[in-house]
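Engineer: My questions all concern the structure below.
The values are calculated or read from the model by the stated rules, or taken from the named source; none is laboratory data. None of the values given here were measured: they were computed from a predicted structure. FYI the Cβ positions are ideal-geometry reconstructions off the backbone, even for glycines, and counts take in every protein chain you see.
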Amino acid sequence: MEHGESLQRLLANRDLLSGIELLGPEGQVGVRKNKKLCEVAGFCDVVLRYVRSYLADKDRLRIAEFSCGKSYLGIALVILLRELAGKEASLVGVDINDQLVEKCRLLAKAVGLADTRFVASRTIEFRTDEEFDLAVALHACDTATDEAIAKGIELGAGMILAVPCCQNQIRGQIKGGHPLTGMTDFGPIRYRLANLLTDTLRAQFLYSAGYQVEMLEIGSPRLTPKNLCICARKTRRGRVPGRDREYLRLKSFFGVKPKVEVFCPGVIGRESE
């Protein structure tokens, strides 16, 4: 796969860009919209890589997008999977904002996507009997990313891909009481360390839940510092004893209580209590 193929295809589809509101009234892509477009395209490139590597034998994919907002990602992804990977896809978008959900429904209709459904719900409260091949979330704010990961695990999604945003929950817990207070005494360092720690704990939690995990960048950090994608693929072995060892070590070292564990109980062993 050539880097940037999603961006090239999106730029060539002016009707789609207009439909998902990434094209200005004069037919231009402004600076702010260009940033969002590149984020969406970069995420789609990562998803396409995973689909081609692990879902090549499936003709139709079932996608859940959590904290979907205006569903820039979900709608673009369905179309790109068809055009670049030869896959049809159904999409369920979930967002707590009912006005945005209604807007998503109109956008999906405008770009001709019939097999889509949008639900007004907090992610962790979303209930369904459906099964999903992919659970995705792009810049779900703070613990909304934890909800997306937890819900993906709960629903047994084959792959969970999330690009986090604003990791505030852990940041407030590492001001003191751990061996690295010499670093976290300084605000900017604490901020950066909290970002890394939060996402590492999320990755280790997914590993504990029986997923193979890696982290990939969806674009240059010059475009956005929030460019790290947590990529998790469910393994046949599932959860086995001892997989939560590194998660527990990090949690104990810093004395933190990650929300993802609260949202998805039963993954971590009793020693974490």
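Engineer: Regarding residue 199, is this residue within 19 Å of residue 166 (Cβ to Cβ) and either surrounded by fewer than 17 Cβ atoms within 10 Å (Cβ to Cβ) or of a type in the set (D, E, K, R) (or both)? Spell out how you get there, then give the answer.
Structural biologist: On the way: within 19 Å of residue 166 (Cβ to Cβ): yes; either surrounded by fewer than 17 Cβ atoms within 10 Å (Cβ to Cβ) or of a type in the set (D, E, K, R) (or both): yes.
So residue 199 fits the description; yes.
Engineer: Looking only at the range 106-123, count how many residues are modelled with pLDDT of 95 or more, surrounded by fewer than 20 Cβ atoms within 10 Å (Cβ to Cβ) and not hydroxyl-bearing (Ser, Thr, Tyr).
Structural biologist: So the answer is 4.
Engineer: Of all residues in the range 252-261 being touching a residue at least 12 places away in the same chain (Cβ under 8 Å) and surrounded by fewer than 19 Cβ atoms within 10 Å (Cβ to Cβ), which is nearest to residue 140 (Cα to Cα)?
Structural biologist: 257
Engineer: Can you tell me which residue within the range 208-251, out of those that are basic (Lys, Arg) and free of Cβ contacts under 8 Å to residues at least 12 places away in the same chain, is nearest to residue 43 (Cα to Cα)?
Structural biologist: 222
Engineer: Please pick out the residue among 128, 123 that is among the polar types (S, T, N, Q), farther than 17 Å from residue 231 by Cα and in contact with a Phe, Trp or Tyr (Cβ under 8 Å, 6 or more places away or on another chain).
Structural biologist: Details: 128 fails: in contact with a Phe, Trp or Tyr (Cβ under 8 Å, 6 or more places away or on another chain).
Unique residue meeting the criteria: 123.
Engineer: Considering only residues that are of a type in the set (D, E, K, R) and within 30 Å of residue 234 (Cβ to Cβ), which ones fall in the range 141-190?
Structural biologist: Matches in the range 141-190: 142, 146, 147, 151, 154, 171.
Engineer: Quick one: would you say residue 45 is in a helix (DSSP H, G or I) and farther than 21 Å from residue 118 by Cα?
Structural biologist: yes
Engineer: When only residues in the range 216-249 that are among the basic types (Lys, Arg) and farther than 21 Å from residue 137 by Cβ count, which is surrounded by the fewest Cβ atoms within 10 Å (Cβ to Cβ)?
Structural biologist: By that ranking, first place goes to 236.
Engineer: Does the range 228-251 hold any residues that are under 14 Å from residue 200 (Cα atoms) and either among the charged types (D, E, K, R) or not in a strand (DSSP E or B) (or both), and which are they? Can you show your working first?
Structural biologist: Kept after step one, since they are under 14 Å from residue 200 (Cα atoms), are these residues of the range 228-251: 228-232, 244-251.
Selection gives 244, 245, 246, 247, 248, 249, 250, 251.
Engineer: Moving on to the next point. Looking only at the range 8-15, decide whether some residue is crowded, with 20+ Cβ neighbours inside 10 Å, out of contact with any Asp or Glu (no Cβ under 8 Å at 6 or more places or on another chain), at pLDDT 95 or above and not acidic (Asp, Glu).
Structural biologist: no
Engineer: Can you give me the number of residues within the range 153-189 that are out of contact with any His (no Cβ under 8 Å at 6 or more places or on another chain), surrounded by fewer than 19 Cβ atoms within 10 Å (Cβ to Cβ) and at pLDDT below 95?
Structural biologist: Matching residues across the range 153-189 total 19.
Engineer: Going through 133, 142 one at a time, which residue ends up being among the acidic types (Asp, Glu), crowded, with 18+ Cβ neighbours inside 10 Å and closer than 24 Å to residue 268 by Cα?
Structural biologist: 133
Engineer: So in the range 164-215, with the set limited to residues that are assigned to a helix (DSSP H, G or I) and small (Gly, Ala, Ser), which one is nearest to residue 141 (Cα to Cα)?
Structural biologist: Per the stated criteria, the residue is 194.
Engineer: Would you mind telling me which numbered condition in (1) touching a Cys at 6+ places or on another chain (Cβ under 9 Å); (2) farther than 24 Å from residue 94 by Cα residue 185 fails?
Structural biologist: Unmet for residue 185, out of (1) touching a Cys at 6+ places or on another chain (Cβ under 9 Å); (2) farther than 24 Å from residue 94 by Cα: (1).
Engineer: While we're on this one: Can residue 205 be described as touching a Pro at 6+ places or on another chain (Cβ under 9 Å) and of a type in the set (Phe, Trp, Tyr)?
Structural biologist: Details: touching a Pro at 6+ places or on another chain (Cβ under 9 Å): yes; of a type in the set (Phe, Trp, Tyr): yes.
Answer is yes for this residue.
Engineer: Another one. Could you grab me the full set of residues in the range 46-55 that are out of contact with any strand residue (DSSP E or B) (no Cβ under 9 Å at 6 or more places or on another chain) and closer than 20 Å to residue 149 by Cα?
Structural biologist: Selection gives 48 alone.
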